[in-house]
Amino acid sequence: MKYKTIHNLPLPVIGFGTWRIGGESTPDPRTDPASMNALRSALEIGYTHFDTAEYYAGGHAEELLGCAARESKINRDKLFITSKVSPEHFDHDNVIKSCENSLRRLGMDYIDLYLIHWPHLGMDLEELFCALNKLVYDGKVRHLGVSNFKLKLLKQSQMYSGTPILTNQIPYSLPNHTYLENGVIEYCQQNDILITAYSPVKFRSIRVNKVLTEVAKAHAVTPFQIALAWLVTQPQVITIPMSFNSAHIKENFDAADVELSAEDMLLLGNAWKKTE
Ligand SMILES: NC(=O)c1ccc[n+]([C@@H]2O[C@H](COP(=O)([O-])OP(=O)(O)OC[C@H]3O[C@@H](n4cnc5c(N)ncnc54)[C@H](OP(=O)(O)O)[C@@H]3O)[C@@H](O)[C@H]2O)c1
């Protein structure tokens, strides 16, 4: 596994997402066996960064992640856990409560990285960061970050946060260049903010785009691996694909080893301009 270092913190370029682990927006215990299998596979394969949120399966994703982590007997300090507070809990007391509830569900005594899941109109960012800073001060959270933040809010967050904004978690993939076009990615790269690309392989044309399939063939890997490699070859970009399939989980992990040339990067960066 390769790492990107941000504020002296090395982070694996490929982590594991947990959206749909344990259900979608509410718990669905029928998916527990498949969810636990996915988490166990990821831990066995060697993933150490897990991305979750209080929103995922109404907290059940955190419960299953905590359970799989304990079962693996991997030392807590070898794992890096990201979780997120949802917009309905953005007032000071509820931020603290949300984090404590996440810790209880995870069965852990700190969260490595705690994110504002997505912004909402009229939120009081100063109050929000006051609570988040307290969580860092109290040792319940090690690092702070944001998700789905555009430039204005990102700059305000830097102003209010007592610690550096470690990451902005955003949708970024071969066909989705929204945050390239709005200047957020360049700003993050110039201001020591890690870009965590979510939904990196969730796009329809991944199996059929001609450039992607040709580059994959040349490297003797899958188009999914090329889609991930394209992201993590870029400065300060890591990604967090999710899968229930242990072969896919391994394939995604191994994508960190794919070496793309400057020419591959250019071809892939332009490959969706004509097709989507
Ligand atoms: N901050 C936010 O607002 C936000 C929003 C969305 C997501 N996220 C985070 O980002 C993570 C990843 O995003 P995502 O789950 O939306 O999308 P994703 O990881 O890009 O795509 C997941 C889908 O791709 C398939 N897949 C994954 N690897 C594959 C492979 N090697 N070969 C074939 N199919 C593969 C999976 O199916 P199989 O199970 O069949 O492999 C699954 O259907 C989430 O789990 C979550 O942690 C954050």
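Points to keep in mind about this one:
- Backbone geometry of the range 83-95 corresponds, through the Karplus equation with coefficients 6.51, -1.76 and 1.60 at θ = phi - 60°, to 3J(HN,Hα) couplings of 9, 9, 9, 8, x, 6, 10, 7, 7, 3, 5, 6, 4 Hz, x marking Gly and Pro.
- For the range 168-276, chymotrypsin sites (Phe, Trp or Tyr not before Pro) are listed when DSSP marks them as loop and at most 15 other Cβ atoms sit within 10 Å of their Cβ; the list is Phe244.
- The fewest-to-most ranking of Glu259, Glu88, Glu251 by surrounding Cβ atoms within 10 Å reads Glu259, Glu88, Glu251.
- Computed over the range 1-158, the alpha-carbon pair-distance distribution with 5 angstrom bins reads 2, 9, 19, 22, 20, 16, 9, 4, 0, each value a whole percent.
- Of Gly66, Ser157, Ala218, farthest towards positive along the dipole that unit charges on Lys, Arg, Asp, Glu beta carbons give the chain: Ala218
- Karplus-based coupling profile of the range 144-156, in residue order and whole Hz: 10, x, 9, 9, 6, 9, 8, 4, 4, 5, 5, 5, 5, with θ = phi - 60° in 6.51 cos²θ - 1.76 cosθ + 1.60 and x standing for Gly or Pro.
- Working note: 222 nm ellipticity from helices only, DSSP H runs with n ≥ 4, each -39,500 (n - 2.57), summed and divided by the residues of the chain, gives -12500 deg cm²/dmol to the nearest 500.
- Cα centre as origin, Lys/Arg/Asp/Glu Cβ charges: the chain dipole, Debye: 460
- Distance between the range 171-200 and the range 212-255 - C-alpha centres, whole angstrom: 17
- Euclidean distance of C-alpha centroids, the range 73-147 and the range 1-36, integer Å: 16
- Computed lengthening from Asp124 to Ser261, 0.36 nm per intervening residue step minus Cα-Cα distance: 44.9 nm
- Loop-located trypsin sites (Lys or Arg not before Pro) across the range 1-93 with a Cβ neighbour count of 16 or fewer within 10 Å are Lys2, Lys73, with loop assigned by DSSP.
- Coupling constants for the range 11-20 follow from the phi torsions by the Karplus curve (6.51 cos²θ - 1.76 cosθ + 1.60, θ = phi - 60°), and in residue order they are 10, x, 5, 10, x, 10, x, 10, 5, 5 Hz; glycine and proline get x.
- At R0 = 35 Å, FRET efficiency that the Cβ-Cβ distance of Asp109 and Lys210 yields, to 0.05: 0.10
- Listed residues Ile193, Val258, Tyr172: farthest to the positive end of the dipole of the chain (Cβ charges): Val258
- Shown here is the pair-distance distribution of the chain: with all Cα-Cα distances grouped in 5 Å bins from zero up to the longest one, the shares run 1, 6, 13, 17, 19, 17, 13, 9, 4, 1, 0 percent.
- For Ile111, distant residues with modelled amide H under 5 Å away: Val141, Arg142
- Sequence-distant contacts, meaning Cα pairs under 8 Å at least 6 residues apart, place the relative contact order of the chain at 19 percent.
Computed from the coordinates by the stated procedures, all read-outs in this text should not be read as laboratory data. Computed from a prediction, not measured in an experiment: that's the story for all the values here. Positions of Cβ are generated from backbone atoms using ideal geometry, with glycine treated the same way; all protein chains shown enter the neighbour counts.
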